[in-house]
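K.L.:
Take this structure first; my questions come after.
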Amino acid sequence: MFGTIVKRILQGILVLVLVVIITFVVLRLIPGDPARQMASDGSAQAVEEIRAEMGLDKPIYVQLFEYIPKLLTGQLGWSYFQKAPVFDVIVNTAPFTYALLFSAMILGVIMGLIFGIIAAVKAHTWVDRTLSAIAVVFQSMPTYWVATMLILIVSVQWGLLPAVGYKSPKYLILPAFVVSIPIFTAVLRNVRQNVMDGLSQEFSRAARARGISHITILFKYAFRNSLIPFITQIGGQVGVSLGTCVLIESVFSLPGMGMQILNAVLRRDYNLVQGLILILAATFVLINAIIDISYSYLDPRIRKAQGGL
Amino acid sequence: MNTTITATQNDDVLLEVKNLRTYFKLPRNKLVKAVDDISFTLHKGKVLGIIGESGSGKSVTSRSILRIVEEPGYIAGGEILFKGVDCLKLSEKAMNALRGKEISLIFQDPTTSFNPYMTMGQHLEEAYRVHKAASKDTIRKRSLDVLKMVGINDGENVLPKYPCEFSAGFRQRIFIAMAMIFNPDLLIADEPTTSLGITIQAEIIEALNDVKRASGTSIIIITHDFGVVSQFSDDIFVMYAGHCVEFSPKRDLLLSPMHPYTVGLIRSVPLLEARKTRRLKSIPGFPPDMTALPDGCPFAERCEYAKDVCFKERPELLDVGNGRFCACHYPLKQYRTSDETVLEV
Amino acid sequence: MESKETNTKTLESTNSVARPKKVTFRSIGRFLWENKSFTIGLLIVLFMLSLGIFADYIVPHDAYNGNPREKLLSPFWMKDSNPKYVLGTDYIGRDTFSRICYGLQVSIIIGFGSVAVSLTIALVIGIISGLSHPSLLDSILMRLTDVQMAFPFIVLAIIILSVVEPTIGSVILVLGLCSWAVRSRVIRSSVMIQKESDYVAAGIALGASKFRIAWKYILRNLLPSLVAAIPLDVANAIVLESLLSYMQIGLKPPIISLGSIMGDGRNYMASHWWMTAIPGFVILFFVLGLNLMGDTLQKKMTDVSVKG
Ligand SMILES: Nc1ncnc2c1ncn2[C@@H]1O[C@H](COP(=O)(O)OP(=O)(O)OP(=O)(O)O)[C@@H](O)[C@H]1O
Ligand code: SF4
Ligand SMILES: [Mg+2]
């Protein structure tokens with residue numbers, strides 16, 4: 001048990017190290033020189049000075065060997081365009097992204113759960129068919145397009161919600177709704193399928209034969225048994241949704257990590273890109289590690305096989 | 001059909017199934033008559049064996065009795081008189097009060113019939129929440145008692161564990177214990193041994209025997225293995241393609257089967273092959289396509305005694321005396337199984 | 001007698017692993033009739049495919065050069081529309097319908113092209129790691145898939161597309177490189193299951209080499225599920241491509257993409273909303289059709305694997 005957790009954590013760290021190295025190397029292979037963009041007068045000498053200051057004149061592997069130890073001590077470096085430590089930029093922008101991700105996940109998961117269970121209970125009736133049709137249409141809508149159309153209709157035409165920027169949590173409603181759509185459809189389909197499978201399992205049938213109520217069978221038998229595939233899927237959704245957040249932030253001009261990262265790549269702000277990618281990847285890796293570890297608590301079969309904790 | 005197997009002494013009757021029909025609606029307007037017009041009677045404290053090949057409708061019969069046939073299946077007609085009351089006319093609520101309390105069902109595969117996320121103790125006590133409130137102590141005591149009944153003496157260790165921690169045979173014994181928790185009047189065991197190894201099979205049969213001795217419950221045991229029914233059933237009911245082909249007291253049926261299908265089944269038993277695979281393979285051919293049953297005798301294709309009329313007219317289940325019933329145009333009056341066959345069983 | 005029957009049974013079940021059913025017009029017709037959502041999806045997809053593939057013969061106007069005097073026209077259902085331009089014109093008077101046809105053409109090429117790339121990568125990595133399962137190689141490959149999944153797609157795409165010039169070829173590569181991980185996991189686990197199965201064991205016992213096994217048994221058995229995955233993956237790729245163009249990271253003019261048609265409309269959104277809405281609906285319908293097909297195929301696949 002303990003061994004599994006340690007192994008999982010080590011795997012996660014390895015993945016992050018790979019992410020750092022790949023980002024590091026790819027960024028420096030990109031044509032385009034931050035020093036040149038930054039040098040005020042554009043003179044060769046100014047560029048060279050900035051290059052030296054940033055350490056860009058050394059070979060990539062040397063830069064990498066200098067960067068990694070710093071990273072290990074928590075130093076993410078200096079953002080040349082924000083004129084602030086990368087750490088500060090992240091601290092200032094991450095809350096928006098996490099608030100967006102979190103509220104969208106909650107909204108999507110709750111809606112998906114409710115309608116997924118309804119669809120499973122009403123399987124093969126018009127209710128189920130309608131829900132499945134809605135799910136497949138929602139799933140087919142490009143999120144950035146939905147975001148644009150919602151801004152047009154809800155904000156511009158109806159004036160109901162603010163469109164862009166961030167001044168109060170009200171500004172998160174539309175973006176969170178947009179990010180939640182793919183989560184909603186994926187959860188709905190997953191829950192529907194797994195609850196239906198659970199209901200047709202022999203143990204559900206056996207429970208019915210013992211007189212146990214439909215509602216108990218639905219939740220304590222069918223849903224309980226679909227929990228693991230459901231949670232696995234949420235882990236995958238975190239990754240997809242982080243990507244959607246990055247994108248939707250830029251459509252709604254939310255000052256989150258997504259906006260920062262797009263600008264940072266275009267301006268070759270290496271340290272900032274590096275730091276933001278690390279944080280985004282770490283979020284994904286951490287959530288998935290937690291999910292993997294939680295399996296063994298959720299499933300007595302795995303728990304017993306690993307000798308308990 | 002007009003002939004039904006009726007009880008001789010009515011007060012003694014626990015369950016009487018009359019002309020039960022359970023159909024499944026399939027796509028393209030196909031209809032599977034999984035159970036088509038079957039009738040039988042079970043007396044108090046007796047054991048009825050139902051035997052037939054895979055797909056003959058045994059499980060559907062047992063689910064029909066509990067009214068838990070799933071979509072797209074439905075009970076198309078008939079009567080199921082349990083203690084004189086027609087279950088098919090009961091409200092869903094009244095029916096639910098019977099399930100698990102007065103009629104219990106044991107499933108074929110004990111590895112899938114438990115909820116993997118509930119401990120054995122939770123399984124056992126769950127029924128109390130549905131059927132009658134009781135103190136934790138009472139429930140615990142009763143749980144340990146029923147476990148003892150099936151030969152599990154260290155119940156304290158069993159209750160807090162999860163199904164995955166037990167072997168299949170052990171789980172099946174716990175399942176039987178669970179079925180007995182309210183001392184039901186009727187226990188239906190749907191192929192309780194089919195998925196288990198041979199030695200374990202004997203243990204389970206033994207456990208069922210113990211349960212019967214201790215509680216006097218009537219049992220319907222469903223199987224496709226004569227070895228199982230012959231050991232402790234009183235009457236045997238032979239099913240083929242959703243029909244009853246023969247119903248008879250055990251001894252008579254085993255010694256002088258009348259229906260050619262029964263003969264085929266009995267003949268197949270002592271063969272090592274049939275034992276090993278637990279399937280009856282010696283009857284040539286396969287069971288008919290349930291979506292397109294022939295007009296005549298459903299067994300005609302495979303019957304060595306079949307004549308023209310067999311392909312045209314369906315034989316009715318007729319009373320042939322001595323409490324025996326047979327659905328065949330040419331019932332075998334003279335056939336005798338060799339004594340060893342029966343004994344070996 | 002008995003043993004003979006048993007033998008034929010086992011033989012049959014071994015063969016049936018990769019034996020396709022006989023396909024007749026009748027069986028196709030019946031399939032289409034019984035899976036109406038698939039049929040609807042297929043009709044939508046065929047319609048979109050023909051618009052894209054035969055764009056050269058269909059387009060009524062020059063898609064690349066417009067008539068500035070007829071710019072910003074409305075589509076047919078609105079008042080100030082011009083019957084010459086069914087879906088109106090853009091800000092420099094180019095016919096929206098013609099542009100959409102060429103946009104579809106690009107979507108189709110990139111959609112299928114990038115799926116070919118990602119499926120190939122997924123197959124190679126999935127089969128190698130599945131076959132070598134408990135091994136260092138397998139662990140390394142799995143960490144690589146982790147890395148791909150941990151990277152937010154959009155960031156990866158921007159980074160790569162700022163290294164390489166965004167052309168149709170490079171966009172295909174980017175999309176392919178950004179979406180193989182999930183599929184390779186699925187392939188790996190199904191290879192691992194098949195490795196344990198009887199017929200592969202029999203192949204090994206008969207002395208077949210690993211490569212031969214991968215080719216002859218495993219790939220052949222993976223094929224149906226891969227085919228079933230294609231529509232969903234293509235749908236995904238089409239959306240991602242349009243996204244890149246919309247954000248002006250992807251294809252550059254004069255190449256027309258549905259995403260850039262939408263992007264062109266963005267500046268006129270308040271007054272000419274249809275310029276953004278119409279290409280979005282086109283993507284929506286195309287993707288919907290692909291999803292409807294893919295869902296049915298995937299469902300058939302799981303049904304088959306549950307039964308077998
Ligand atoms: N859910 C269902 N949908 C459609 N048809 C069904 C369904 N369940 C049962 N049937 C039909 O009912 C027939 C009888 O099934 P049943 O399960 O009662 O057979 P059985 O005698 O119990 O066989 P086995 O020995 O394999 O358990 C089957 O041949 C099948 O055609
Ligand atoms: S009715 Fe005819 S075919 Fe049917 S079992 Fe009797 S003899 Fe055989
Ligand atoms: Mg059965």
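K.L.:
Is it the case that A:V109 is within 28 Å of A:V179 (Cβ to Cβ), under 18 Å from the mean Cα position of the chain (by Cα) and either assigned to a helix (DSSP H, G or I) or modelled with pLDDT under 90 (or both)?
P.N.:
So A:V109 fits the description; yes.
K.L.:
Please specify each residue of the range B:65-103 satisfying the condition of being within 16 Å of ligand 3 (Cβ to nearest atom) and under 16 Å from B:L14 (Cα atoms).
P.N.:
B:I65, B:L66
K.L.:
Of the residues A:A289, A:A282, A:A264, only one is facing chain C (nearest Cβ under 10 Å) and closer than 30 Å to A:I228 by Cβ; which?
P.N.:
Matching residue, one of A:A289, A:A282, A:A264: A:A282.
K.L.:
Tell me which strands (runs of 3 or more DSSP E) are completely within the range B:23-105 and hold 2 or more residues being free of Cβ contacts under 8 Å to residues at least 60 places away in the same chain, more than 18 Å from the chain's Cα centre (by Cα) and surrounded by fewer than 16 Cβ atoms within 10 Å (Cβ to Cβ), or say none if there are none.
P.N.:
B:73-82
K.L.:
What do you reckon, is C:P166 in contact (Cβ under 8 Å) with a residue 12 or more places away in the chain, more than 10 Å from chain A (Cβ to nearest Cβ) and out of contact with any helix residue (DSSP H, G or I) (no Cβ under 7 Å at 6 or more places or on another chain)?
P.N.:
Here the answer is yes, as C:P166 does meet what is asked.
K.L.:
Related question: Could you figure out which of (1) surrounded by 16 or more Cβ atoms within 10 Å (Cβ to Cβ); (2) closer than 22 Å to C:A229 by Cβ; (3) touching a Phe, Trp or Tyr at 6+ places or on another chain (Cβ under 8 Å) isn't true of C:L32?
P.N.:
Here C:L32 meets the rest and fails (1).
K.L.:
Checking the structure you have, find out if any residue of the range A:127-134 is buried (at least 18 other Cβ atoms within 10 Å of the Cβ), among the aliphatic types (A, V, I, L, M) and touching a Phe, Trp or Tyr at 6+ places or on another chain (Cβ under 6 Å).
P.N.:
Yes, some residue in the range A:127-134 is buried (at least 18 other Cβ atoms within 10 Å of the Cβ), among the aliphatic types (A, V, I, L, M) and touching a Phe, Trp or Tyr at 6+ places or on another chain (Cβ under 6 Å).
K.L.:
Going through the range A:75-117 one residue at a time, which ones are small (G, A, S) and touching a residue at least 12 places away in the same chain (Cβ under 8 Å)?
P.N.:
Correct list: A:G77, A:S79, A:A94, A:A99, A:S103, A:A104, A:G108, A:G112, A:G116.
K.L.:
Do you know which residues across the range A:122-133 are assigned to a helix (DSSP H, G or I), over 12 Å from A:A186 (Cα atoms) and not acidic (D, E)?
P.N.:
Across the range A:122-133, the qualifying residues are A:W126, A:V127, A:R129, A:T130, A:L131, A:A133.
K.L.:
For the range A:231-261: of the residues being outside any helix (DSSP H, G or I) and in contact with a Ser or Thr (Cβ under 9 Å, 6 or more places away or on another chain), which is nearest to the other protein chains (Cβ to nearest Cβ)?
P.N.:
The qualifying residue nearest to the other protein chains (Cβ to nearest Cβ) is A:G256.
K.L.:
Separate question: Need the failing condition index for B:D109 against (1) within 28 Å of B:D210 (Cα to Cα); (2) of a type outside the set (S, T, N, Q); (3) away from ligand 3 (no atom under 16 Å from the Cβ); (4) out of contact with any strand residue (DSSP E or B) (no Cβ under 9 Å at 6 or more places or on another chain), just the number.
P.N.:
(3)
K.L.:
Give me the residue from the range B:214-246 that is in contact with a strand residue (DSSP E or B) (Cβ under 6 Å, 6 or more places away or on another chain) and more than 16 Å from ligand 1 (Cβ to nearest atom) and, out of that set, nearest to B:V60 (Cα to Cα).
P.N.:
Filtering first and then ranking leaves B:I219.
K.L.:
If I ask for residues that are closer than 21 Å to B:L208 by Cβ and either touching a Cys at 6+ places or on another chain (Cβ under 6 Å) or surrounded by fewer than 20 Cβ atoms within 10 Å (Cβ to Cβ) (or both), which ones from the range B:155-168 would you list?
P.N.:
B:F166, B:S167, B:A168 - these are the residues of the range B:155-168 that are closer than 21 Å to B:L208 by Cβ and either touching a Cys at 6+ places or on another chain (Cβ under 6 Å) or surrounded by fewer than 20 Cβ atoms within 10 Å (Cβ to Cβ) (or both).
K.L.:
While we're looking at this one, here's another question. State all residues of the range B:119-175 that are outside any helix (DSSP H, G or I), under 24 Å from the mean Cα position of the chain (by Cα) and closer than 19 Å to B:L105 by Cα; if no residue qualifies, say none.
P.N.:
Listed by number, the list holds a single entry, B:V150.
K.L.:
What helices (runs of 4 or more DSSP H) lie completely within the range C:205-266 and have 3 or more residues being within 22 Å of the chain's Cα centre (by Cα), within 14 Å of chain A (Cβ to nearest Cβ) and among the aliphatic types (A, V, I, L, M)?
P.N.:
C:220-246, C:258-266
K.L.:
Which is under 30 Å from B:C164 (Cα atoms) and among the acidic types (D, E), of A:D292, A:D269?
P.N.:
Criteria check complete, one pass: A:D292.
K.L.:
Tally time: how many residues in the range B:87-122 are more than 7 Å from chain A (Cβ to nearest Cβ) and of a type outside the set (G, A, S)?
P.N.:
Count: 18.
K.L.:
I've got another one for you. Restricting attention to the range B:50-82, report how many residues are polar (S, T, N, Q) and within 14 Å of chain A (Cβ to nearest Cβ).
P.N.:
Total meeting the criteria: 4.
The values are calculated or read from the model by the stated rules, or taken from the named source; none is laboratory data. None of the values given here were measured: they were computed from a predicted structure. Heads up, the Cβs are rebuilt from the backbone with ideal geometry, glycines too, and the neighbour counts pull from every protein chain shown.
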